[in-house]
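As structure tokens, the structure follows; a few thoughts come after it.
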Amino acid sequence: MAVYFYIGNEGLSILENLHALNVPIPKGIAKYIEQLSKEEDVQNYSQSSNEK
């Protein structure tokens, strides 16, 4: 089961990088990646605010 997690995680990372390079990917996947990056930005902001 852990193998599937790591494969999925790496696959998502590759898709995020392709999206950042403006490589055409399906709209549904691009929408999902944008949502994940927004959530990540919010988490990074809240962590940096807590460190101060």
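The values are calculated or read from the model by the stated rules, or taken from the named source; none is laboratory data. The model shown is predicted, which means the values in this text are computed figures rather than measured ones. Every residue, glycine as well, gets a Cβ built from its backbone with ideal geometry; the counts of neighbours run over all protein chains shown.
Suppose the filter is in a helix (DSSP H, G or I), modelled with pLDDT of 85 or more, surrounded by 10 or more Cβ atoms within 10 Å (Cβ to Cβ) and more than 11 Å from the chain's Cα centre (by Cα); does I7 pass it? So I7 passes the test.
Listed by first and then second residue, the pairs with beta-carbon distance under 9 Å, at least 6 apart or on different chains, first residue in the range 24-35 and free of Cβ contacts under 8 Å to residues at least 24 places away in the same chain and over 16 Å from E10 (Cα atoms), second in a helix (DSSP H, G or I) and small (G, A, S), are P24/A30.
The residues listed here are E40, E51; of these, the one that is exposed (fewer than 10 other Cβ atoms within 10 Å of the Cβ), of a type outside the set (K, R) and at pLDDT below 80 is E51.
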